[in-house]
1. Taking the stated definitions as given, is P126 free of Cβ contacts under 8 Å to residues at least 24 places away in the same chain, farther than 19 Å from E22 by Cα and surrounded by fewer than 20 Cβ atoms within 10 Å (Cβ to Cβ)?
2. Which of (1) touching a Pro at 6+ places or on another chain (Cβ under 8 Å); (2) exposed (fewer than 12 other Cβ atoms within 10 Å of the Cβ) is the odd one out, the single condition F12 does not satisfy?
3. Mind checking whether some residue in the range 25-33 is over 15 Å from the mean Cα position of the chain (by Cα), open to solvent by less than 50 Å² (accessible area, probe 1.4 Å) and not acidic (D, E)?
4. In the range 38-47, is there at least one residue being out of contact with any Asp or Glu (no Cβ under 7 Å at 6 or more places or on another chain), polar (S, T, N, Q) and under 17 Å from H100 (Cβ atoms)?
5. Hey, does the range 44-65 have a residue that's basic (K, R) and open to solvent by 60 Å² or more (accessible area, probe 1.4 Å)?
6. Can you tell me how many residues in the range 124-168 are under 22 Å from R60 (Cβ atoms), in contact with a Leu (Cβ under 7 Å, 6 or more places away or on another chain) and of a type in the set (F, W, Y)?
7. If the Cβ limit is 6 Å and pairs must be 6+ apart or interchain, which residue in the range 155-168 that is open to solvent by less than 80 Å² (accessible area, probe 1.4 Å) pairs with which residue that is among the basic types (K, R) and assigned to a strand (DSSP E or B)?
Amino acid sequence: MEDKRIYLLAQFDEGTNKTLAEIYDKLVQAGLIGAQTKGIPYHFTLGSFDLDGESQVLERAQAVSHKTKAFDISLSHIGLFGLGVLFLAPSMNSELMNLHSDLVPDEEICGCHQWVAHATILIDRPENIQAAIPIVAQSFSPFAARIISIAAYEFFPQKFLAEYKFAH
């Protein structure tokens, strides 16, 4: 299926995932479930790649992980992509920018949009996103998230390919 792609994800530590899950649980309690991908940890998507380049993408991710140490980044604000996606976004730092540029060569960057680091909280209809904003705003205050690994997934359907942990 030509719609399938490989995605590289910057994955968070257990504490960060717990904090993000607590925010999402408040949405669930309000009846806001969303259509975002379930069953994978919270993350920043770093890039997507054609399936025919899988071995090169995985080799690059493994090589980058060997030279990268786990790092903290501040999840500092709430953001929206239109009224369809509600997310938390970081104050960018050099570690995340370097991770992205090491994994996504210039020739593979899609010119259709600029990369925006974000951890999706909810994908839903506009009225549900609007209902979710005050719940997230009341539940969220900036905190330090820790990025500990790169994961590779194939989508859709979802298929886990690999995880490469960083040095601690």
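1. Working: free of Cβ contacts under 8 Å to residues at least 24 places away in the same chain: no; farther than 19 Å from E22 by Cα: yes; surrounded by fewer than 20 Cβ atoms within 10 Å (Cβ to Cβ): yes.
No: the conditions fail for P126.
2. (2) is the only condition that F12 fails.
3. Yes, because at least one residue in the range 25-33 is over 15 Å from the mean Cα position of the chain (by Cα), open to solvent by less than 50 Å² (accessible area, probe 1.4 Å) and not acidic (D, E).
4. Looking through the range 38-47, at least one residue is out of contact with any Asp or Glu (no Cβ under 7 Å at 6 or more places or on another chain), polar (S, T, N, Q) and under 17 Å from H100 (Cβ atoms).
5. First, pick out the residues of the range 44-65 that are basic (K, R): 60.
Now drop any that are not open to solvent by 60 Å² or more (accessible area, probe 1.4 Å), which leaves none.
No, the range 44-65 contains no residue that is basic (K, R) and open to solvent by 60 Å² or more (accessible area, probe 1.4 Å).
6. So the count comes out to 1.
7. F166/K69; A167/K69
Yes/no per residue for (1) of a type in the set (D, E, K, R); (2) out of contact with any helix residue (DSSP H, G or I) (no Cβ under 8 Å at 6 or more places or on another chain); (3) within 12 Å of L8 (Cα to Cα):
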site: D72; (1), (2), (3): yes, yes, no
site: H77; (1), (2), (3): no, yes, no
site: F81; (1), (2), (3): no, yes, no
site: F87; (1), (2), (3): no, yes, no
site: S94; (1), (2), (3): no, yes, no
site: L122; (1), (2), (3): no, no, no
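The values are calculated or read from the model by the stated rules, or taken from the named source; none is laboratory data. All values derive from a computational prediction rather than experimental measurement. With ideal geometry, Cβ positions are generated from the backbone for all residues, glycine too; neighbour counts draw on all protein chains shown. Just the protein is used for accessible areas: all its heavy atoms, side chains included, with ligands, DNA and RNA removed. Shrake-Rupley method; radii C 1.70, N 1.55, O 1.52, S 1.80 Å.
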